[in-house]
1. To the nearest Å, what is the center-to-center distance of segment 107-132 and segment 167-219, using C-alpha atoms only?
2. Which whole-Hz couplings ³J(HN,Hα) result when phi for each residue of segment 22-29 is put into the Karplus expression 6.51 cos²θ - 1.76 cosθ + 1.60, θ = phi - 60°, listed in order with x for Gly and Pro?
3. After finding the eigenvalues of the alpha carbon gyration tensor for the chain, what semi-axes result from the square roots of 5 times each, listed largest first in whole Å?
4. Return the carbon/sulfur percentage of the accessible area of the chain, one whole number, probe 1.4 Å, all protein chains in place.
5. Once both axes come from the Cα atoms, what is the angle between helix 279-290 and the longest principal axis of the chain, in degrees from 0 to 90, rounded to 10?
6. For Phe205, Phe10, write out the residues from largest to smallest accessible area, computed with a 1.4 angstrom probe and no ligands counted.
7. So what is log10(I(q)/I(0)) for segment 229-307 at q = 0.20 1/Å, when the Debye sum runs over its Cα atoms only?
8. Which of the three applies to segment 54-93, rounded, prolate or oblate, going by the alpha-carbon gyration tensor with a ≥ b ≥ c and a/c under 1.5 meaning rounded?
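The values are calculated or read from the model by the stated rules, or taken from the named source; none is laboratory data. For clarity, every value in this text was computed on a predicted model and none was experimentally measured. Positions of Cβ are generated from backbone atoms using ideal geometry, with glycine treated the same way; all protein chains shown enter the neighbour counts. These accessible areas exclude ligands, DNA and RNA; they are computed on the full protein's heavy atoms, side chains included. Shrake-Rupley method; radii C 1.70, N 1.55, O 1.52, S 1.80 Å.
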Amino acid sequence: MLDLTTRGDFARHRRLRQTKGLRRLVAETRLSAADFVYPLFVTHGQGIRDEIPSMPGQYRISIDQISREADDLQTLGIPAVLLFGLPAMKDEAASEAYDDGGIVQDAVRRFKEVAPDLVVITDVCLCEYTSHGHCGIVENGEVDNDRSIELIARTAVSHARAGADVVAPSDMMDGRVAAIREELDVASYVSTPIMAYSAKYASAFYGPFREAADSTPQFGDRRGYQMDPPNAREAIAEIADDLDEGADIVMVKPALAYLDVLAKARAEFDAPLAAYNVSGEYAMVRAADAAGWIDGRRVTMEILTAIKRAGADIIITYHAKEAARWLAERS
(Lines give C-alpha, C1' and ligand atoms only; values in the text may rest on other atoms or scores of the structure.)
Protein backbone atom coordinates (compact mmCIF):
# COMPACT_ATOMS: atom_id res chain seq x y z
CA MET A 1 0.00 0.00 0.00
CA LEU A 2 1.21 3.50 -0.82
CA ASP A 3 2.46 5.29 2.31
CA LEU A 4 1.24 8.89 1.78
CA THR A 5 2.65 10.03 5.11
CA THR A 6 6.13 10.04 3.62
CA ARG A 7 5.22 11.65 0.35
CA GLY A 8 6.50 15.16 -0.27
CA ASP A 9 5.60 15.63 -3.93
CA PHE A 10 2.18 17.26 -3.44
CA ALA A 11 1.09 20.37 -1.57
CA ARG A 12 -0.73 20.06 1.73
CA HIS A 13 -2.97 23.13 1.48
CA ARG A 14 -5.11 21.86 4.35
CA ARG A 15 -2.39 22.63 6.87
CA LEU A 16 -3.52 26.26 7.01
CA ARG A 17 -7.22 25.39 7.23
CA GLN A 18 -7.14 23.27 10.37
CA THR A 19 -8.28 25.87 12.92
CA LYS A 20 -10.28 29.07 13.01
CA GLY A 21 -7.19 30.94 14.14
CA LEU A 22 -5.09 29.71 11.22
CA ARG A 23 -7.84 30.47 8.71
CA ARG A 24 -8.12 34.03 10.01
CA LEU A 25 -4.36 34.46 10.02
CA VAL A 26 -4.00 33.66 6.31
CA ALA A 27 -7.27 35.19 5.07
CA GLU A 28 -6.71 37.08 1.82
CA THR A 29 -9.84 39.23 2.13
CA ARG A 30 -10.69 41.05 5.35
CA LEU A 31 -14.14 42.51 5.85
CA SER A 32 -14.69 45.40 8.25
CA ALA A 33 -17.57 47.59 9.41
CA ALA A 34 -15.46 50.45 8.05
CA ASP A 35 -16.20 49.12 4.53
CA PHE A 36 -19.95 49.70 4.87
CA VAL A 37 -22.38 52.43 3.88
CA TYR A 38 -25.91 52.09 5.30
CA PRO A 39 -28.84 53.11 3.05
CA LEU A 40 -31.68 54.89 4.84
CA PHE A 41 -35.14 56.08 3.77
CA VAL A 42 -36.35 59.34 5.32
CA THR A 43 -39.85 60.79 5.24
CA HIS A 44 -41.83 63.77 6.50
CA GLY A 45 -43.72 63.59 9.78
CA GLN A 46 -43.03 62.79 13.42
CA GLY A 47 -42.47 59.54 15.26
CA ILE A 48 -42.41 57.48 12.08
CA ARG A 49 -40.53 54.20 12.01
CA ASP A 50 -42.37 52.00 9.51
CA GLU A 51 -40.88 48.64 8.63
CA ILE A 52 -40.74 47.95 4.88
CA PRO A 53 -42.68 44.71 4.25
CA SER A 54 -40.37 43.36 1.54
CA MET A 55 -37.23 44.37 3.47
CA PRO A 56 -37.56 43.06 7.04
CA GLY A 57 -35.37 45.05 9.42
CA GLN A 58 -35.38 48.16 7.21
CA TYR A 59 -37.52 51.20 7.92
CA ARG A 60 -38.88 54.45 6.60
CA ILE A 61 -38.10 56.97 9.33
CA SER A 62 -38.95 60.59 10.10
CA ILE A 63 -36.36 63.26 10.87
CA ASP A 64 -36.81 62.94 14.64
CA GLN A 65 -35.56 59.33 14.42
CA ILE A 66 -32.21 60.32 12.90
CA SER A 67 -30.40 60.77 16.22
CA ARG A 68 -31.14 57.13 17.07
CA GLU A 69 -29.82 55.97 13.68
CA ALA A 70 -26.69 58.06 14.01
CA ASP A 71 -25.99 56.61 17.46
CA ASP A 72 -26.38 53.07 16.11
CA LEU A 73 -24.06 53.65 13.18
CA GLN A 74 -21.36 55.29 15.26
CA THR A 75 -21.52 52.60 17.94
CA LEU A 76 -21.16 49.90 15.29
CA GLY A 77 -18.27 51.65 13.54
CA ILE A 78 -20.16 52.19 10.28
CA PRO A 79 -18.69 55.38 8.80
CA ALA A 80 -21.35 56.50 6.31
CA VAL A 81 -25.03 56.69 5.48
CA LEU A 82 -26.71 56.98 2.05
CA LEU A 83 -29.94 58.98 2.15
CA PHE A 84 -33.08 58.48 0.06
CA GLY A 85 -36.04 60.83 0.45
CA LEU A 86 -39.79 60.31 0.34
CA PRO A 87 -41.28 63.69 -0.61
CA ALA A 88 -44.48 65.26 0.62
CA MET A 89 -45.59 65.82 -2.96
CA LYS A 90 -44.59 64.52 -6.39
CA ASP A 91 -44.89 66.44 -9.65
CA GLU A 92 -43.61 66.24 -13.21
CA ALA A 93 -40.73 68.62 -12.44
CA ALA A 94 -39.52 66.73 -9.32
CA SER A 95 -39.72 69.99 -7.39
CA GLU A 96 -38.87 68.69 -3.92
CA ALA A 97 -35.65 67.08 -5.18
CA TYR A 98 -33.94 70.48 -5.39
CA ASP A 99 -35.99 72.34 -2.77
CA ASP A 100 -33.68 73.58 -0.01
CA GLY A 101 -36.45 72.63 2.43
CA GLY A 102 -36.87 69.15 0.96
CA ILE A 103 -36.81 65.93 2.94
CA VAL A 104 -33.23 64.92 2.08
CA GLN A 105 -31.94 68.41 2.73
CA ASP A 106 -33.60 68.43 6.16
CA ALA A 107 -32.22 64.96 6.91
CA VAL A 108 -28.69 66.02 5.96
CA ARG A 109 -28.83 69.01 8.28
CA ARG A 110 -30.08 66.83 11.14
CA PHE A 111 -27.37 64.21 10.64
CA LYS A 112 -24.67 66.89 10.61
CA GLU A 113 -26.10 68.36 13.83
CA VAL A 114 -26.12 65.10 15.77
CA ALA A 115 -23.17 63.27 14.16
CA PRO A 116 -20.85 65.70 12.38
CA ASP A 117 -18.18 63.04 11.79
CA LEU A 118 -20.55 60.61 10.07
CA VAL A 119 -20.14 60.74 6.29
CA VAL A 120 -23.50 61.73 4.78
CA ILE A 121 -23.95 60.68 1.16
CA THR A 122 -27.06 61.73 -0.75
CA ASP A 123 -28.66 59.87 -3.61
CA VAL A 124 -29.12 62.40 -6.40
CA CYS A 125 -31.97 61.37 -8.65
CA LEU A 126 -35.45 62.53 -9.59
CA CYS A 127 -37.37 59.23 -9.61
CA GLU A 128 -38.65 59.47 -6.03
CA TYR A 129 -39.90 63.00 -6.68
CA THR A 130 -41.57 62.73 -10.10
CA SER A 131 -45.23 61.88 -10.47
CA HIS A 132 -44.36 59.45 -13.28
CA GLY A 133 -41.52 57.70 -11.43
CA HIS A 134 -38.83 58.18 -14.06
CA CYS A 135 -35.35 59.49 -13.29
CA GLY A 136 -35.69 62.63 -15.39
CA ILE A 137 -38.01 65.03 -17.18
CA VAL A 138 -40.37 63.31 -19.60
CA GLU A 139 -41.08 64.86 -23.01
CA ASN A 140 -43.37 63.09 -25.49
CA GLY A 141 -43.11 59.87 -23.56
CA GLU A 142 -39.31 59.86 -23.41
CA VAL A 143 -36.86 60.96 -20.70
CA ASP A 144 -35.12 64.10 -21.97
CA ASN A 145 -31.44 63.66 -21.11
CA ASP A 146 -30.24 67.26 -21.27
CA ARG A 147 -33.22 68.87 -19.52
CA SER A 148 -32.94 66.23 -16.81
CA ILE A 149 -29.28 66.83 -16.05
CA GLU A 150 -29.97 70.51 -15.42
CA LEU A 151 -32.31 69.56 -12.56
CA ILE A 152 -30.06 66.74 -11.37
CA ALA A 153 -27.14 69.18 -11.06
CA ARG A 154 -29.41 71.64 -9.27
CA THR A 155 -30.38 68.87 -6.83
CA ALA A 156 -26.72 68.04 -6.12
CA VAL A 157 -25.96 71.68 -5.30
CA SER A 158 -28.95 71.83 -2.97
CA HIS A 159 -27.68 68.75 -1.13
CA ALA A 160 -24.20 70.22 -0.84
CA ARG A 161 -25.65 73.46 0.47
CA ALA A 162 -27.46 71.46 3.19
CA GLY A 163 -24.14 69.94 4.24
CA ALA A 164 -23.86 66.65 2.33
CA ASP A 165 -20.35 65.24 2.41
CA VAL A 166 -20.76 63.36 -0.89
CA VAL A 167 -23.35 63.57 -3.68
CA ALA A 168 -24.20 60.39 -5.57
CA PRO A 169 -26.00 60.69 -8.93
CA SER A 170 -27.91 57.49 -9.71
CA ASP A 171 -29.97 58.53 -12.74
CA MET A 172 -27.70 57.22 -15.54
CA MET A 173 -28.21 60.29 -17.72
CA ASP A 174 -25.31 60.95 -20.08
CA GLY A 175 -23.12 63.86 -19.00
CA ARG A 176 -24.60 64.29 -15.55
CA VAL A 177 -21.29 63.97 -13.70
CA ALA A 178 -19.77 66.80 -15.74
CA ALA A 179 -22.87 68.94 -15.18
CA ILE A 180 -22.84 68.31 -11.43
CA ARG A 181 -19.11 69.02 -11.14
CA GLU A 182 -19.51 72.30 -13.02
CA GLU A 183 -22.47 73.45 -10.94
CA LEU A 184 -20.84 72.45 -7.65
CA ASP A 185 -17.69 74.37 -8.56
CA VAL A 186 -19.63 77.45 -9.65
CA ALA A 187 -21.51 77.36 -6.33
CA SER A 188 -18.17 77.16 -4.44
CA TYR A 189 -18.54 73.50 -3.46
CA VAL A 190 -15.28 72.55 -5.15
CA SER A 191 -14.42 70.18 -2.30
CA THR A 192 -17.66 68.16 -2.46
CA PRO A 193 -16.90 64.72 -3.94
CA ILE A 194 -19.10 62.89 -6.45
CA MET A 195 -19.81 59.18 -6.08
CA ALA A 196 -21.24 58.19 -9.45
CA TYR A 197 -23.53 55.23 -9.99
CA SER A 198 -21.45 54.59 -13.10
CA ALA A 199 -22.45 51.06 -14.05
CA LYS A 200 -26.05 50.87 -12.90
CA TYR A 201 -27.95 48.08 -14.60
CA ALA A 202 -31.65 47.86 -15.47
CA SER A 203 -32.07 45.09 -12.91
CA ALA A 204 -34.98 43.08 -11.56
CA PHE A 205 -33.25 43.16 -8.17
CA TYR A 206 -34.58 46.66 -7.40
CA GLY A 207 -38.17 45.64 -6.64
CA PRO A 208 -38.17 46.03 -2.85
CA PHE A 209 -36.42 49.40 -3.10
CA ARG A 210 -39.15 50.69 -5.39
CA GLU A 211 -41.73 49.69 -2.81
CA ALA A 212 -39.73 51.39 -0.07
CA ALA A 213 -39.21 54.62 -2.04
CA ASP A 214 -42.53 54.54 -3.92
CA SER A 215 -40.58 55.06 -7.14
CA THR A 216 -41.94 52.49 -9.61
CA PRO A 217 -42.33 54.05 -13.10
CA GLN A 218 -45.95 54.72 -13.95
CA PHE A 219 -45.34 53.75 -17.57
CA GLY A 220 -42.63 51.89 -19.43
CA ASP A 221 -39.40 51.04 -17.65
CA ARG A 222 -35.85 52.36 -17.23
CA ARG A 223 -34.11 50.23 -19.82
CA GLY A 224 -33.65 53.24 -22.08
CA TYR A 225 -31.17 54.80 -19.67
CA GLN A 226 -29.98 52.14 -17.22
CA MET A 227 -27.49 49.60 -18.54
CA ASP A 228 -28.44 46.37 -20.30
CA PRO A 229 -27.49 43.35 -18.12
CA PRO A 230 -25.63 41.43 -20.89
CA ASN A 231 -23.03 44.19 -21.30
CA ALA A 232 -19.76 44.35 -19.38
CA ARG A 233 -17.41 46.22 -21.74
CA GLU A 234 -19.96 49.03 -21.83
CA ALA A 235 -19.70 49.30 -18.04
CA ILE A 236 -15.97 49.97 -18.32
CA ALA A 237 -16.67 52.71 -20.87
CA GLU A 238 -19.29 54.28 -18.57
CA ILE A 239 -16.89 54.26 -15.62
CA ALA A 240 -14.09 55.76 -17.70
CA ASP A 241 -16.36 58.56 -18.88
CA ASP A 242 -17.53 59.35 -15.35
CA LEU A 243 -13.95 59.56 -14.14
CA ASP A 244 -13.08 61.84 -17.05
CA GLU A 245 -16.06 64.04 -16.15
CA GLY A 246 -14.92 64.41 -12.54
CA ALA A 247 -16.26 61.51 -10.49
CA ASP A 248 -14.23 60.83 -7.36
CA ILE A 249 -15.78 57.43 -6.57
CA VAL A 250 -17.41 55.06 -9.07
CA MET A 251 -19.96 52.33 -8.46
CA VAL A 252 -21.27 49.05 -9.82
CA LYS A 253 -24.94 48.31 -9.06
CA PRO A 254 -26.21 45.67 -8.31
CA ALA A 255 -23.28 43.87 -6.71
CA LEU A 256 -23.95 40.15 -6.40
CA ALA A 257 -25.04 39.37 -9.97
CA TYR A 258 -22.33 41.68 -11.36
CA LEU A 259 -19.22 40.55 -9.49
CA ASP A 260 -17.52 40.00 -12.86
CA VAL A 261 -18.12 43.65 -13.76
CA LEU A 262 -16.84 44.72 -10.36
CA ALA A 263 -13.67 42.68 -10.85
CA LYS A 264 -13.15 44.11 -14.36
CA ALA A 265 -13.54 47.64 -12.97
CA ARG A 266 -11.06 46.92 -10.18
CA ALA A 267 -8.50 45.65 -12.69
CA GLU A 268 -8.99 48.64 -14.98
CA PHE A 269 -9.20 51.61 -12.61
CA ASP A 270 -7.37 52.84 -9.50
CA ALA A 271 -10.22 55.09 -8.33
CA PRO A 272 -12.20 54.23 -5.18
CA LEU A 273 -14.77 51.61 -6.19
CA ALA A 274 -18.17 51.10 -4.57
CA ALA A 275 -20.65 48.26 -4.99
CA TYR A 276 -24.33 48.37 -4.04
CA ASN A 277 -25.68 45.18 -2.44
CA VAL A 278 -29.23 46.05 -3.46
CA SER A 279 -32.68 45.53 -1.97
CA GLY A 280 -33.57 42.38 -3.90
CA GLU A 281 -30.33 40.72 -2.86
CA TYR A 282 -31.06 41.61 0.76
CA ALA A 283 -34.71 40.49 0.58
CA MET A 284 -33.85 37.08 -0.89
CA VAL A 285 -31.44 36.32 1.95
CA ARG A 286 -33.89 37.46 4.61
CA ALA A 287 -36.79 35.49 3.11
CA ALA A 288 -34.79 32.27 2.69
CA ASP A 289 -33.40 32.61 6.21
CA ALA A 290 -36.89 33.13 7.65
CA ALA A 291 -38.06 29.98 5.86
CA GLY A 292 -35.17 27.99 7.32
CA TRP A 293 -33.70 27.21 3.90
CA ILE A 294 -30.31 28.85 4.51
CA ASP A 295 -28.16 30.07 7.36
CA GLY A 296 -28.80 33.79 6.83
CA ARG A 297 -25.82 34.94 8.86
CA ARG A 298 -23.30 32.77 7.02
CA VAL A 299 -24.80 33.59 3.61
CA THR A 300 -24.75 37.33 4.35
CA MET A 301 -21.11 37.30 5.39
CA GLU A 302 -20.18 35.15 2.39
CA ILE A 303 -21.88 37.59 0.02
CA LEU A 304 -20.26 40.66 1.57
CA THR A 305 -16.85 38.98 1.55
CA ALA A 306 -17.32 38.06 -2.12
CA ILE A 307 -18.14 41.68 -2.98
CA LYS A 308 -14.98 42.86 -1.28
CA ARG A 309 -12.91 40.05 -2.80
CA ALA A 310 -14.11 41.11 -6.26
CA GLY A 311 -12.60 44.55 -5.65
CA ALA A 312 -15.02 46.83 -3.83
CA ASP A 313 -13.50 49.42 -1.50
CA ILE A 314 -16.95 50.54 -0.35
CA ILE A 315 -19.98 48.26 0.15
CA ILE A 316 -23.41 49.86 0.29
CA THR A 317 -25.60 47.31 2.04
CA TYR A 318 -28.81 46.98 4.04
CA HIS A 319 -26.97 44.25 5.99
CA ALA A 320 -24.52 46.84 7.37
CA LYS A 321 -25.77 46.93 10.96
CA GLU A 322 -26.15 43.19 11.46
CA ALA A 323 -22.87 42.46 9.67
CA ALA A 324 -21.06 45.00 11.84
CA ARG A 325 -22.43 43.30 14.98
CA TRP A 326 -21.32 39.87 13.75
CA LEU A 327 -17.86 41.19 12.91
CA ALA A 328 -17.58 42.68 16.39
CA GLU A 329 -18.43 39.29 17.89
CA ARG A 330 -15.52 37.74 16.00
CA SER A 331 -12.95 40.15 17.42
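1. Using only Cα atoms, the two centres lie 12 Å from each other.
2. Working through the residues one at a time gives 5, 4, 5, 5, 9, 4, 7, 10 Hz.
3. Equivalent-ellipsoid dimensions as semi-axes: 37, 23, 19 Å.
4. Result for the chain: 48 percent of the exposed heavy-atom area is carbon or sulfur.
5. So the helix axis and the longest Cα principal axis differ by about 50 degrees.
6. Descending accessible area places them as Phe10, Phe205.
7. These q points yield log10 I(q)/I(0) values of -0.86.
8. Prolate is the answer for segment 54-93, as a/c is 1.5 or above and a/b outweighs b/c.
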